Amino acid sequence: MLQFILRRTLIMIPQIILVSIIVFLLAKAMPGDALTGAFQGNPDVSQEQIQKIREKLGLNDPWYQQYGRWLGNAVQGDFGQSYVHKQPVTHLLAGKVENTLLLSFFTLVVTYIIAIPLGIISGRWTDTWADKIIVTYNYFAFATPVFVFALLMMYLFSFVLGWLPYGSSVDIKLEEGTWDYFVSRAKHLVLPVLSGALIATYSTIQYLRNDIIDQKLKDYVKTARAKGVPEGKVYIRHILRNSLLPIAAFLGMEITLMITGSIFIESIFSYPGLGFLFIQSISTRDYSVVTALVLISSTAVIIGTMLSDIILSIVDPRIRIE
Amino acid sequence: MKNPVLEINDLRASFNIKGNYYAAVDGVSLTVHENEVVAIVGESGCGKSALANSIMGLHNLKNTKLEGEINFGNQNLLELPLAKFNKIRGKDIAMIFQDPMTALNPLATIGRQIEEPMDYHLKLSASEKKNRTLELLRRVGIKNEQRVYEQYPHELSGGMRQRVVIAIALSCDPVVLLADEPTTALDVTIQAQIMDLMKELQNQTKTGIILITHDLGVVAEMADRVVVMYAGEIVEMADVKDLFENPLHPYTRSLLNSIPANFEGKEKLHVIDGIVPSLQNLDRTGCRFAPRIAWIPEEDHEERPEMHEAEPNHFVRCSCYKTFYFPEDRVGENEYVATES
């Protein structure tokens, strides 16, 4: 088992290097560079001066030299300077990584808290009124774009009812570390989390429902019933264990989707996380930030896939690799 | 006479097909005694498995209607609430399934799966359960039982898995054991081993066994009594020796006549005309086998075929057995020759 995890981790390294090269080249391929953005059209700076700075910054070197430098720095946590914010990218990311992780984590937890019981009810009691209600909700969740739903939630709970704040991650008047600060943070999380989770449930519900319907006709379920196992236990001990496999396998993927997929939610709620920063940086052409963010999210995808593999190998004895 | 352990009275199991109920088991009455092996034979679709599933309560009751009685002890299993029925199945009545490749939960160890019925039916400590399980594994012929106890189903071969399925069925010393084609999914050498095992286990216990099969060789070797089913009905019931020596019903005779081993290579192998009618297409009035022996005149059948005790303890349905003959035996003396299907 340990060996499997170790090997799976080693495979990750070339994947991440490959991704970083692609990310770097894509950033290079974008028209212009940092200097065009900063000085273009500025009458006080001549083209020659720009050329000089380019030479000094190494922007005229071949791509692999530049890549080497960039990677060397990135590994040490230095993603360069943000051209727009005039501060190191690392500083910019600092609080935002935490915000996004918090948001993603709670969204994921709430998604499962809602989706798993609903999926079980729906799969076990198919074609009952409860199942029909759940399936209907599911189609709504599937069909509703998250940005429309988030706006509706915001309108309803912030503007009409006034129960919850509609932007930012905390009330700026409060001091960090106090109880009120904590409550304010929690309150600011509720709407973004609910808006994301209520929509994100559909895949889990659908998977679980279908899999339970599939599993309950299997022969081993008959064996369990023939053993005299009470019906509730047949579901918990036999059907559910098998049906949760695909859900467990998706957990890793789900984590990465949450990190990369909260762009909409963060933008709508002006929640200062990575997604919000990503959108901002793209619209202001803040390339060094964009590159750093793309690298982070692709690494998250790779790690998520690895997590999926590891989780699955823990829960399913059939795919344990010796 | 030995003690009866299971009595089935006029059992009817009907399936809902597009709004109508069609009986797959149609008025079956059968008694199983202790220490007796009753074989149920018949071709696919004759209602053998539907009968077994009725006894075990494995039908989906949403689209299945069960009528009649299945008496175990002094209780009718069909009227028993599920919670009470669950105290009986797995303990007093157990079942061996057809396909060992799918009958085991892929995520649980063999040990867990054999111990599971003990959790509900026997009051044993964890170590007692484990010892009993290891003992069971040895009894079903698994030699490295310590290792198998920890293993998962996918690590075992088909024959091994079927032994495990048998161990599960035997885990709480059942009074009645149903074996639904226990060897069909196995290859021939393993089939023989499993049948030997069943026979050995049968000799050790007083369990009454219902053996569902379409392998007449297995029947001859294992059974005390044979029940022949056709289209949901019992058409003949006799002790195994009587049945093989003196088969009466046209269907039984046709089946026995279709075995290559009984055939000396001088003529074509006997083939029964037509197919088993599907549930919807079955004509439920008159002799159900009549369409497949069309050369027998209509007046030889009964209008409402009943079981007759033709000889002591040898029952047969309908009167057509009295005049039945195979057309190929009378080529030349009779103008009717069966068309080949």
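Set Lys and Arg Cβ to +1 and Asp and Glu Cβ to -1, take the dipole of chain B about its Cα centre, and tell me which of B:120, B:207, B:13 lies farthest positive.
Toward the positive end, the furthest listed residue is B:120.
At 10 °C and 1.306 mPa s, what whole-number value in µm²/s does Stokes-Einstein give for the translational diffusion of region B:138-218, with Rh from the Kirkwood sum over Cα pairs?
This corresponds to a translational diffusion coefficient of 119 µm²/s.
Taking R0 as 51 Å, what FRET efficiency do you get between residue A:15 and residue B:278 from their Cβ-Cβ distance, rounded to the nearest 0.05?
With a Förster radius of 51 Å, E is 0.35.
Please return the longest stretch of chain B lacking exposed loop sites, where chymotrypsin sites (Phe, Trp or Tyr not before Pro) count only if DSSP places them in a loop and at most 14 other Cβ atoms lie within 10 Å.
That gives B:1-262 as the longest site-free run.
How big is the gap, in Å, between the Cα center of region A:106-185 and the Cα center of region B:143-194?
Region A:106-185 and region B:143-194 have Cα centres spaced 50 Å from each other.
I'd like the orientation of helix A:89-124 relative to chain A: the angle between its Cα long axis and the longest Cα principal axis, in ° from 0 to 90, rounded to 10.
Tilt of helix A:89-124: around 20 degrees.
Hey, for a label at residue B:69 modelled as a point 7 Å past Cα toward Cβ, could you say which residues of region B:1-36 have their backbone N under 19 Å away?
Of the residues in region B:1-36, B:3-13, B:26-34 have backbone N under 19 Å from the label point off residue B:69.
Normalising by the residue count of region B:4-223, find the relative contact order in percent from Cα pairs under 8 Å and 6+ residues apart.
Relative CO of region B:4-223 lands at 28 percent.
Go ahead and run the numbers for FRET between residue B:199 and residue B:138, Cβ-Cβ distance against an R0 of 22 Å, rounding to 0.05.
0.80
What do you get for trypsin sites (Lys or Arg not before Pro) in region A:84-182 restricted to DSSP loop and a cutoff of at most 14 other Cβ within 10 Å of the site's Cβ?
Qualifying residues, ordered by number: A:86, A:173.
Select from region B:137-177 those trypsin sites (Lys or Arg not before Pro) which occupy a DSSP coil region and have at most 13 other Cβ atoms within 10 Å, ordered by residue number.
B:143
Please work out the FRET efficiency for the pair residue A:160 and residue A:140, using the Cβ-Cβ distance as r and a Förster radius of 25 Å; give the result to the nearest 0.05.
That pair, residue A:160 with residue A:140, gives E of 0.80.
Using modelled backbone amide H atoms (1.01 Å from N, in-plane), which distant-in-sequence or interchain residues come within less than 5 Å of residue B:5's amide H?
Answer set, sorted by chain and number: B:32, B:33, B:34.
Taking θ = phi - 60°, what integer Hz values does the Karplus form 6.51 cos²θ - 1.76 cosθ + 1.60 yield along region B:112-128, in sequence order, with x for Gly and Pro?
Whole-Hz 3J(HN,Hα) from phi for region B:112-128: 4, 6, 7, 6, 3, x, 5, 4, 9, 10, 10, 9, 10, 7, 4, 6, 5.
Give the angle, between 0 and 90 degrees and rounded to the nearest 10, that separates the Cα long axis of helix B:158-170 from the longest principal axis of the Cα atoms of chain B.
80
Could you tally the net charge around residue A:246, taking each other residue with its Cβ under 14 Å from the Cβ of residue A:246, Lys/Arg +1 and Asp/Glu -1?
Result for the neighbourhood of residue A:246: -2.
Can you classify region B:13-78 as rounded, prolate or oblate using the Cα gyration tensor, where a ≥ b ≥ c are the square roots of its eigenvalues, rounded means a/c under 1.5, and otherwise it's prolate if a/b beats b/c and oblate if not?
Oblate, because a/c is 1.5 or more while a/b does not exceed b/c.
For region A:62-208, what's the relative contact order in percent, using C-alpha pairs closer than 8 Å and at least 6 residues apart?
30
If you look for lysine pairs in chain A that are eight or more places apart or on different chains, how many of them have Cα atoms under 21 Å apart?
15
Rounded to the nearest 5, what % of DSSP beta bridges with both residues in chain B are antiparallel?
60
Considering every residue in A:117-126, what mean count of other chain Cβ atoms within 10 Å of its Cβ is obtained?
0
Just subtract the alpha-carbon distance of residue B:7 and residue B:128 from 0.36 nm times their residue separation and send over the number in nm, one decimal.
40.2 nm
What's the longest bit of chain B with no exposed GluC sites (Glu not before Pro), using DSSP loop states and at most 12 other Cβ atoms within 10 Å as the test?
Longest gap between qualifying sites, sites excluded: B:1-263.
Return the average number of partner chain Cβ atoms within 10 angstrom of each residue Cβ along peptide B:93-102.
3
Taking every pair of Cα atoms in chain A, average 1/r, invert it to obtain the Kirkwood radius, and report Rg/Rh to two decimals.
Ratio of gyration radius to Kirkwood radius: 1.07.
What are the ³J(HN,Hα) values, in whole Hz, obtained from phi via the Karplus relation 6.51 cos²θ - 1.76 cosθ + 1.60 with θ = phi - 60°, for each residue of region B:220-231 in sequence order, with x given for Gly and Pro?
Result, rounded to whole Hz: 4, 7, 9, 7, 9, 9, 10, 10, 9, 10, 9, 6.
How far is the Cα center of region A:197-243 from the Cα center of region B:9-48, in Å?
29
May I ask for the distance between the Cα centers of region B:215-251 and region B:56-111, given as a whole number of Å?
Here the two parts' Cα centres lie 26 Å apart.
Write down the percent of antiparallel bridges among all DSSP beta bridges whose residues are both part of the protein assembly as shown, to the nearest 5.
Among the beta bridges of the protein assembly as shown, antiparallel pairing accounts for roughly 65 percent.
Taking Cα pairs under 8 Å and at least six residues apart, what relative contact order does region B:69-178 come out at, in percent?
Value for region B:69-178: 41 percent.
For chain B, take the longest principal axis of its alpha carbons; what is the angle in degrees between that and the long axis of helix B:188-204, to the nearest 10 within 0 to 90?
Roughly 70 degrees between the two axes.
Applying the Karplus parametrisation 6.51 cos²θ - 1.76 cosθ + 1.60 with θ = phi - 60° to the phi angles of region B:26-39, what ³J(HN,Hα) value in whole Hz is obtained for each residue in order, glycine and proline being reported as x?
Listing the rounded values in order: 10, x, 8, 10, 7, 10, 10, 9, 5, 6, 10, 10, 9, 9 Hz.
Would you kindly work out the equivalent ellipsoid of region B:48-204 from its C-alpha gyration tensor and give its semi-axes, the square roots of five times the eigenvalues, largest first in whole Å?
26, 19, 14
Relative to the compact globular guide of 2.2 N^0.38 Å, what is the alpha carbon radius of gyration of the protein assembly as shown, as a ratio?
Computed over Cα atoms of the protein assembly as shown, the ratio equals 1.39.
Quick one: Debye curve from the alpha-carbon atoms of region A:104-199 only, equal weights, vacuum; give me log10 I(q)/I(0) at q = 0.12, 0.18, 0.20, 0.23 Å⁻¹ to two decimals.
So the normalised log intensities work out to -0.50, -0.90, -1.01, -1.16.
Mind checking B:303-316 for the average number of partner chain beta-carbons within 10 Å of each residue's beta-carbon?
Shielding by partners across B:303-316 averages 0.
Values in this text are rule-based calculations from the coordinates and carry no lab data. Since we're looking at a predicted model, the values are computed, not measured. Backbone-built Cβ (ideal geometry, glycine too); neighbour counts: all protein chains shown.
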